[in-house]
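Chemist: Below: one structure in structure tokens.
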Amino acid sequence: MQYSLIAQRYAKSVFDLALELKTEEAVKTDMELILSVCRSNRDFILLLTSPVIKTDKKGKILDALFKDKVCELTMRFLHIITRKKREKFIGKIAEEYIQLYKKFKNIITVRFESAQPISETIRQKVIKLMEDQTKGTVELIEEVKKELIGGFVLNYGGYKYDASIACQLQKLKKSAAETNLYIREI
């Protein structure tokens, strides 16, 4: 079975159960915590994927890490995953759960890249524009990239709008390369 398919199925099952128990907010917070631990600690991932460390030992480590920090549903879910020997998928399951939650709540993640940090008024205008465009709640992730020189790049839902000076220079360079100055046109 594919890696992402396994994660999607487990995430869907825990999401459905969380909806039924009305704990989807708490479980989302737990999944964000688990995902941050997975992303920030390489040793934790190596521990989960190690075939040498026994499943019960991994379960005890997960208990020690998350017992007092996550809700009961999340803890039970982590126990089921370790019992089924799927602990190496924990990070991906957490990612998939967060995506399901955002889809359910109609939250659109918009990535805004610019050469300089943007002001609060521009931030609010971008959020308002994207909310009008997508008819959903916008989660704006800002990123400063000096290589853009100026302008911005907007990414959301598979769409990309590049209004950066670097992109304009690249287009100009490409069109100049296509123009042959040695051929006389009449």
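Rule-based calculations on the coordinates, nothing more; no lab input. These figures come from a predicted structure and were not determined experimentally. Note: ideal-geometry Cβ built from the backbone for every residue, glycine included; neighbour counts use all protein chains shown.
Chemist: Considering only residues of the stretch 150-172 that are in a loop (DSSP other than H, G, I, E, B) and touching a residue at least 12 places away in the same chain (Cβ under 8 Å), which is farthest from Glu131 (Cα to Cα)? Can you show your working first?
Modeler: Here is the first cut: in the stretch 150-172, the ones in a loop (DSSP other than H, G, I, E, B) are 150-151, 157-158, 163-164.
Next cut, touching a residue at least 12 places away in the same chain (Cβ under 8 Å) only: 150-151, 157, 163-164.
Working: Gly150: 24, Gly151: 21, Gly157: 13, Ala163: 20, Ser164: 22 Å.
Top of the filtered list is Gly150.
Chemist: Could you tell me which residue of the stretch 112-149 is farthest from Gln99 (Cα to Cα), considering only residues that are part of a loop (DSSP other than H, G, I, E, B) and of a type in the set (Lys, Arg)?
Modeler: Lys145
Chemist: A further question follows. Where the second residue is among the basic types (Lys, Arg) and the first is touching a residue at least 24 places away in the same chain (Cβ under 8 Å) and lies in the stretch 28-44, which pairs have Cβ atoms under 7 Å and are six or more apart or on separate chains?
Modeler: The qualifying pairs are Leu33/Lys69.
Chemist: Only one of Thr55, Thr82 is more than 30 Å from Lys135 (Cβ to Cβ), surrounded by 20 or more Cβ atoms within 10 Å (Cβ to Cβ) and in contact (Cβ under 8 Å) with a residue 24 or more places away in the chain; which?
Modeler: Thr82
Chemist: Let me ask something additional. Listed residues Gln168, Gln116; which is loosely packed, with under 13 Cβ neighbours inside 10 Å and over 30 Å from Lys28 (Cα atoms)?
Modeler: That would be Gln116, the only listed residue that is loosely packed, with under 13 Cβ neighbours inside 10 Å and over 30 Å from Lys28 (Cα atoms).
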